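Contents: one structure, followed by commentary.
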Amino acid sequence: MKLDLSLRLRHWLLRALHQPYLDFPLLGALSVLAICGLVTLYSASDLDRHLLLNQALRFILGGVLMLTIARIPPSTLRNWTPWLYAASLLLLVAVALLGQGRGANRWLNLGVMRFQPSELVKLTLPMMVAWYLHARELPPRWLTLAAVALLIGAPALLIARQPDLGTALLVVASGVFAVFLAGLAWWRIVALLGAAAAAAPLAWHFMHEYQRNRLRMFLNPESDPLGNGWHIIQSEIAVGSGGWFGKGWHHGTQSRLEFLPEHTTDFVFAVFSEEWGLIGVIALLALYIFIVGRGLSIAANARDTYSRLLAGSFSMAFFVYVMVNGGMITGLLPVVGVPLPLISYGGTSAVSLLAGFGVLMSIHGHRKLLPR
Amino acid sequence: MSRRPVSNPHLRIKDAQREAARFRARAIAGFLLIALCLIGLGARFAFLQIARHDEFSTRSDNNRISVRSIAPTRGLIYDRNGVLLAENVAAFRLEVVPEQVKDMPRMLADLGSVVALSDDDLEHFDALRRSKHAFESIALRFKLSEDEIARFSTQRWRFPGVDIVPYLTRSYPRGEELAHLVGYVGRIDAADAEKLDTDRYAGTTHIGKTGIERRYEDELHGEPGYEQIEVNVDKKPLRTIKRVAPTSGKNLYLSIDARVQRVAEDAFGGRPGAAVAIDPRNGEVLAMVSVPSFDPNLFVNGISKVDYSTLLNAPDKPLLNRAIAGGYTPGSTVKPYLGLGGLELGLRRPEDTVLSTGEFFIPGQARAYRDDVRGGQGRVDLVQAIAKSVNTYFYSLALDMGIDRFSAWMGKFGFGRPTGIDLPGEASGVLPSRAWKRGRFNQAFYPGETVIAGIGQGYWVITPIQLAQALATLADRGVRHQPHLLRAIQGGLNAPAVPVPQPAAAASIIHSAANWIPVEQGMTAVVNGGGTANGLGDGFPYVIAGKTGTAERYSRTDEAWQNIMSVSVERHEVLFEAFTPADAARIAVVVALQAGHTGAHDAAPIARKILDAWLKYDDAGNGGHTP
C-alpha cells in the first residue's frame, strides 16, 4: 500500500518533469513576485491577516487556473478564442446593466465573490486580436487595422463608460501591441500616433470631471494639496522618504499612519518604495522586466502566429501595467486606477494575470508540437 | 479571403520563417522600448528617493510628528523670609479642540447650560481660536468648581472635543496685602499674543499682567518643554516619540517682609494712602503698601465684567498702586533736602538765622507768604526751622537759591523722575523747574512759584517711592541706592537662592559731610525735640529722625476747599517721613495719606507702627533669612 503510493507519486513526478507544460523560470519569478506581494500587503494592511489570507487564496486559485490552462494546447485556446471574447463582451454589457461598485460600475456580484469583467478582457482581447491577425496577411494594412480597431474599440468603450479609463487604456494597449508585433509598418504607426495626438482634445471633451481633475492635479498637485492633489503628494512623499534602503518592513509611516490613501490597492507600490527604498524598487523592477523578457522570449520561440502575437502582446501589456502604476505613484503619470500586477490587493486582477501566464506556459510547453 | 493561395509548401515554410523573423525583430524593438521606459521609471524613482530624499523625509516627518508644547511651571514668589506670596495650586479647566466640534456656536450654547461661561471666557476663547490651529486644544473655562466638574462629567458624551484638563493655577495666599506689589497673572489675550514669543508661550495660558508678575515675567515663566507625538492622518496621537521636560520658572525672593507689610496695611485702617519702607543701606524695599487694595485672585482666571467695572470705577481707585503711581504734594517733607542744599551751595551756614514774622514778602511784591503759626515763630536757625517746619526760612532760602539751582539740587534726590524700582507703571511726579513749566504751560517761572516750591507746594508732585528714595539717600548721608524689590533668584527647587547684584552706589551727593549733621539734628528734633511730631519716638530704642508734611489738597480759592472747610480731616494731604537710627539708619519710612488733619496727627502714627514692626521682626539680625 505504502509502496504503491510512493510509486504512484514517483510516476506522477516523472510525468510532470517530462511534461514540458511549465516554464520554471517564469514560474519561479511569479512565485517570488507573489510572495513579495503578500509580504508587502501584510505590511501595507497593518498586519491584517484576514486580508493576507484572502490574497493568498486568490493566488492559489490563480495558480491552479494557471497550471490548468498551461495543459491546454494553444490550438485549443485559439479555437475557443472567439467564444471567450464574445463571453467577456457579454459580461461587460451585464456590468453596464447590473454592475456595482463605488462611483463606478466595475463589478459583477457572483454571490461568492465580486468579479471585474474588465480584468478578463485584458486577456481575451489580445487573444481575439491574435486570433484575427493570425489568419490575415501580415504585416496588416488599413483594412485589417480597421477590423482590429473594432475588436479593440467595443470592449474599450464599454470599460471606459464604467467609467474606468485606466483599464480601458490598458486594454487598448494590449490590442495595439498585438498589431505592433504583427509587423505594422513604421510609417503607419507614426500616422496613427499623429492621429491619436490630434484626437486628444476630443478625449478631454468626453472625460468625466473627476478624470479631468486627475489630469489637472497631475500637472500641478500642489494647487490643492488637501484635496485632489493629496494622493500624488502623499505618494511622492512616501516614495521619496524611502531613500536608498527604505524605512524597513512595516516601518513605512506614510502607509501605517494612513497618510497614503489606497495603500493596499493602487498605491501599494508607494508602500513598497517607502519600506524597501531604491534598492528594493530596482530589485522589483528587475523582477518585472525578467518576467516580461521571458514572456517575449516565449513568444519569439512560439511556432505559430497566434501564439506569438498572444504571448508577445500579453507580455508587453503586463509591462504597461507596471509602468502605468509606477508612473502614477511617482507623479510621472496621472492617477489612473491601475493595480500593480500581483502586488496590489485585488482578486480579479491576480487571477486573470495568472490565467494569462497559464496561456504563456501553454505556448511554451507546447512549442515542440507542430502547429496544426 | 485576403490570404494568398499557397500551393508550394516550400514557399509556405519560407513565409512562416519570414514572419517569425519579423516578429523577432518587433519583439526586440518592443523589449528595447520597454527597457527604455523602465530606465526612465527607475530614474524617476532615483530622483525622488535619492535626489529629493531629504525633502521628502522632512515632509514625511512633518506629516507624522506633531510637536506639543508643555508649559513650564511658573516660578514662585517669596518674601525675604521665604513666606509664600504667589504659588501654583492644582485646578481643572475646560479645553476645546475646535476641529472636533461640528457646530461651535451651538456647542458653546449647550455647554453654557452645564458649566457657567462668561462673555469674557467666550471672548478669550474666540481670540485664541484665531491664533491657533484647529487641532490645537484651547482653554475655554478655568478653575471649574467641583459641582461643574461633576455635572460636565455626566454629560461628557454630548460634547465631543471638549475635555476637563488638570492644570496649575496661580494663587495669591496673602490676597489684598500685596496685590499692587506682586501683581497678578491673567489669561493671555489677543494683545499679549501679538507681542509674545509664540514658541516659548505655545502651551502657556497665563502671563504676568501687573506688578512683579509682569516685571519678572521672563524669569518666572520658565522654558517650555515639548513632546513629539506620532499622529495619524486624523491627527490622532498614537505614541510619544520624545519628551523634553519643561524647565520651571525661577523662584523670586523679594526684599519685602510680609509681617511688616501686614502691619503697615493694617495701620492704614482702610484710609486711602500709601507707605514705603526702605533699607537706606542698600535700597531694599521692606514694605510697600497701597490702600485700598483688591483681591488679585479675582483676575487670575478671568474676572467678571461686573467685578472689574466695580474695581475700575470705585472712587478710591483700588487698582491704582499709590506707592509708585499716586501723586502727592510733598509739602514740608521737602524742607530737610532744601535745607541741606542751602548749606551745600554755600547760601546758608548752619548758624544763620531767619526771622519768622508770620508773613514773608518777596522784595517789591505785596503778596504775603504765610507761616503756619500766626505771628511767626521768631528767629530760627536750620535745626529749628526743620523741627518746627518754619516756612519763612525755606521761602527765603528758595528765593536765594533761585529755581535753576533749586531744581538741580532737588533733582539729585531723584524727584521729578521715576526711581526705576522694579515695578511697571511708575509715575514721574513733578519737580518744579523752568524747563518743566516751559514744557507744560509754555510760561516763564515766576519768583513766587520758587518761593512756594521751597515748602513743597505749587507744582510739586511726588510719589511715595520717590520720597522714600530721597529720604533713604538722605539717611545714608547722601548715598543713593537703587530702590528694588527683587532680592534673590532661585534657579530650581533645590538650587541656592542667588542674590541679585545691584548697581554700585554712586558717590554721596553731599560734598561736605558736616553739612548733613544739622539736617539730621533738625529731623531728630521733629520727633524728639519739641518738633512737629514730638513724642512719636517715645519708647523706641533708637533715635528717630523725621519730618512731617501737610499739604493743602485744594487751592484756597477753590470752591471745593470752601465746601470741606469744616472737615479738617479732608483738607490736607498728609505725609510723614522718618528714618532710624538717626545717625546710622537701617530703615527709612514714608507714609502718605490722601486726606488727613496733619502729617503728625495722621501719618506719623502709621509710620511708628511700621517702625515697631520692623524693630520686632527685622532689626538686630532678624531680617533677611532668604533660604
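Just so you know, all these numbers are worked out from the coordinates, no wet-lab data involved. Here the structure is a predicted model, which is why all the values come from computation and not from measurement. Please note: Cβ atoms are built from the backbone with ideal geometry, for glycine as well, and neighbour counts cover all protein chains shown.
Holding the Cα-Cα limit at 25 Å, pick out from B:102/B:132; B:209/B:250; B:317/B:388; B:132/B:242; B:132/B:317; A:247/B:235 the pairs that are longer than that. Checking Cα-Cα distances, B:317/B:388; B:132/B:317 exceed 25 Å.
Reducing the stretch A:260-277 and the stretch B:266-324 to their Cα centroids gives an inter-centroid distance of 67 Å. All other residues whose Cβ lies under 12 angstrom from that of residue A:297 are scored, Lys and Arg at +1 and Asp and Glu at -1, for a net of +3.
Projecting the Cα atoms of B:615, A:126, B:91 onto the charge dipole of the protein assembly as shown, computed from C-beta unit charges around the Cα centre, puts A:126 farthest toward the positive end. In chain B, the longest principal axis of the Cα atoms and the axis of helix B:335-344 are about 80 degrees apart.
The peptide list A:134-144, B:537-547, B:516-526, put in order of mean Cβ contacts within 10 Å with the highest first, becomes B:516-526, B:537-547, A:134-144. In plain terms, if you count all Cα to Cα distances in the stretch B:21-85 and split them into 10 Å steps from zero, the share in each step is 16, 17, 14, 13, 12, 9, 7, 5, 4, 3, 1 percent.
Exposure proxy ranking for A:179, B:276, based on other Cβ atoms within 10 angstrom of each Cβ and starting from the fewest, stands as A:179, B:276. Between the helical axis of B:516-528 and the longest alpha-carbon principal axis of chain B there is an angle of about 80 degrees. Taking amide hydrogens as placed 1.01 Å from N in the peptide plane, the amide H of residue B:543 sits under 5 Å from those of B:582, each at least 5 positions away in sequence or on another chain. How fast does the stretch B:382-424 diffuse by Stokes-Einstein, in µm²/s, taking the Kirkwood radius from C-alpha pairs at 25 °C and 0.890 mPa s? Here the translational diffusion coefficient equals 200 µm²/s. In the neighborhood of residue B:483, defined by Cβ-to-Cβ distances under 11 Å, what is the net charge if each Lys or Arg adds +1 and each Asp or Glu adds -1? Net charge in that neighbourhood comes out at -3.
Compute the Cα gyration tensor for chain A, then decide on rounded, prolate or oblate, letting a ≥ b ≥ c be the square roots of its eigenvalues: rounded whenever a/c is under 1.5, prolate when a/b is larger than b/c in the other cases, and oblate in all that remain. Oblate is the answer for chain A, as a/c is 1.5 or above yet b/c matches or exceeds a/b.
What number, rounded to the nearest 500 deg cm²/dmol, is the helix-based mean residue ellipticity at 222 nm of chain B, given -39500 (n - 2.57) per DSSP H run of at least four residues and division by all its residues?
On the way: 22 runs with 226 residues, N = 627.
The helix contribution divided over chain B gives -10500 deg cm²/dmol.
Over chain A, Cα pairs under 8 Å with separation of 6+ residues give a relative contact order of 27 percent.
Taking neighbour Cβ counts within 10 Å as the exposure measure, how do B:141, B:52, B:438 sort from fewest upward?
Numbers: B:141 26, B:52 17, B:438 12.
Ordered by Cβ neighbours within 10 Å, fewest first: B:438, B:52, B:141.
Share of pairwise Cα-Cα distances greater than 19 Å in the stretch A:41-90 is 53 percent (whole percent). When all alpha carbon pairs of the stretch B:368-498 are counted in 10 Å bins from zero, the resulting P(r) reads 11, 32, 31, 15, 6, 4, 1 %. Using a simple spin-label model with pseudo-atoms 7 Å out from Cα toward Cβ, residue B:235 and residue B:157 lie 2.6 nm apart. Classify chain B: rounded, prolate or oblate, from the alpha-carbon gyration tensor (a ≥ b ≥ c, eigenvalue square roots; a/c under 1.5 rounded; otherwise prolate if a/b is larger than b/c)? Prolate, because a/c is 1.5 or more and a/b exceeds b/c. Here's how it looks for residue B:487: its modeled amide H is under 5 Å from those of B:253, B:254, B:255, which are all 5 or more places away or on a different chain. Here the 3J(HN,Hα) profile of the stretch B:578-587, calculated from phi with Karplus coefficients 6.51, -1.76 and 1.60 at θ = phi - 60°, is 8, 9, 7, x, 4, 8, 8, 5, 10, 8 Hz, Gly and Pro shown as x.
Projecting label points 7 angstrom from Cα along Cα→Cβ for residue A:93 and residue B:51 puts them 5.1 nm apart.
Taking a ≥ b ≥ c as the square roots of the eigenvalues of the Cα gyration tensor of the stretch A:7-98, is the shape rounded (a/c under 1.5), prolate (a/b larger than b/c) or oblate?
Values: a/c = 2.49, a/b = 1.02, b/c = 2.43.
It is oblate, given that a/c is not under 1.5 and a/b is not larger than b/c.
Short-range pairs are left out: with C-alpha atoms under 8 Å and at least six residues apart, the relative contact order of chain B is 14 percent. Distant-in-sequence amide contacts of residue B:185, defined by a placed amide H-H separation under 5 Å and a gap of 5 or more residues or a different chain, comprise B:209.
Quickly estimate the mean residue ellipticity at 222 nm for chain A, helices only: each DSSP H run with n ≥ 4 gives -39500 (n - 2.57), and the total goes over all residues, rounded to 500. Don't skip to the end; give the middle numbers.
Values: 14 runs with 265 residues, N = 372.
Calculated at 222 nm, the ellipticity per residue is -24500 deg cm²/dmol.
Coordinate range of the alpha-carbon atoms in the stretch B:66-254 per principal axis, descending: 51, 38, 29 Å.
Converting phi to 3J(HN,Hα) with the Karplus coefficients 6.51, -1.76 and 1.60 and the offset θ = phi - 60°, the stretch B:263-279 yields 4, 4, 4, 5, 4, 6, x, x, 6, x, x, 8, 9, 9, 10, 10, 7 Hz in sequence order, with x at every glycine or proline. Taking only the alpha carbons of the protein assembly as shown, we obtain Rg and Dmax values of 48.6, 161 Å in that order.
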